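Participant: Sharing a structure below in structure tokens format, with a few things to ask.
The values are calculated or read from the model by the stated rules, or taken from the named source; none is laboratory data. Values in this document were obtained by computation on a predicted structure and should not be read as measured data. Neighbour counts are summed over all protein chains in view; Cβ atoms, including those assigned to glycine, are modelled from backbone coordinates with ideal geometry.
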Amino acid sequence: MNRVHASEGEYSRVSQGGNIRNIIFQEGQFDCVRETINGQYNPQNIYNMNPTDVHYEIADWALSGNKLNEIGECLWYLNPFRPNCGSTFPSNGSGTFHTRLGMHCFYRPTEAYSNT
């Protein structure tokens, strides 16, 4: 939801005033919406999932404007598959490390993000 509500930069343009669908389906952003990855079928795509009530509750919670305080205004996350998080992400330096929750590293926008 932070990307949907971004007031500047790439995600502000992509969301076109808050369109969550534009953010989710932006090319190359979320593997779960891709039916193929590197030319191979992606069995973990959203079209193969069977959400339960808890998944709908989480979605409703987020769509209502709630967020985890630890995440703040972060726009990016990744699982680095190693014990440490890099200091910047993505590679263009528009995000700086903010926190790690579980296996995921979260990054907040830098001044450079405004120019993306």
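Participant: Please count how many residues of the stretch 77-116 are hydrophobic (A, V, I, L, M, F, W, C) and touching a Phe, Trp or Tyr at 6+ places or on another chain (Cβ under 7 Å).
Facilitator: Residues in the stretch 77-116 being hydrophobic (A, V, I, L, M, F, W, C) and touching a Phe, Trp or Tyr at 6+ places or on another chain (Cβ under 7 Å): 6 in total.
Participant: I'm checking my understanding of the structure. Among residues of the stretch 3-28 that are touching a helix residue (DSSP H, G or I) at 6+ places or on another chain (Cβ under 7 Å) and surrounded by fewer than 13 Cβ atoms within 10 Å (Cβ to Cβ), which one is farthest from Asn45 (Cα to Cα)?
Facilitator: So, considering only residues that are touching a helix residue (DSSP H, G or I) at 6+ places or on another chain (Cβ under 7 Å) and surrounded by fewer than 13 Cβ atoms within 10 Å (Cβ to Cβ), the one farthest from Asn45 (Cα to Cα) is Glu8.
Participant: Right, another one. In the stretch 29-73, what residues are among the small types (Gly, Ala, Ser), over 19 Å from Arg108 (Cβ atoms) and outside any loop (DSSP other than H, G, I, E, B)?
Facilitator: Passing the criteria: only Ala59.
Participant: Would you please list the contacts, defined by Cβ atoms under 7 Å and residues six or more apart or on different chains, that run from a residue in the stretch 1-28 that is of a type in the set (Lys, Arg) to a residue that is surrounded by 17 or more Cβ atoms within 10 Å (Cβ to Cβ)?
Facilitator: Arg3/Tyr11; Arg3/Ser15; Arg3/Ile23; Arg3/Leu75
Participant: Could you list all residues from the stretch 85-98 that are surrounded by fewer than 13 Cβ atoms within 10 Å (Cβ to Cβ) and modelled with pLDDT of 95 or more?
Facilitator: Correct list: Ser87 only.
Participant: Name the single residue, out of those in the stretch 74-116 being among the β-branched types (Val, Ile, Thr) and in a strand (DSSP E or B), that is nearest to Gly28 (Cα to Cα).
Facilitator: Filtering the stretch 74-116 for residues that are among the β-branched types (Val, Ile, Thr) and in a strand (DSSP E or B), the one nearest to Gly28 (Cα to Cα) comes out as Thr88.
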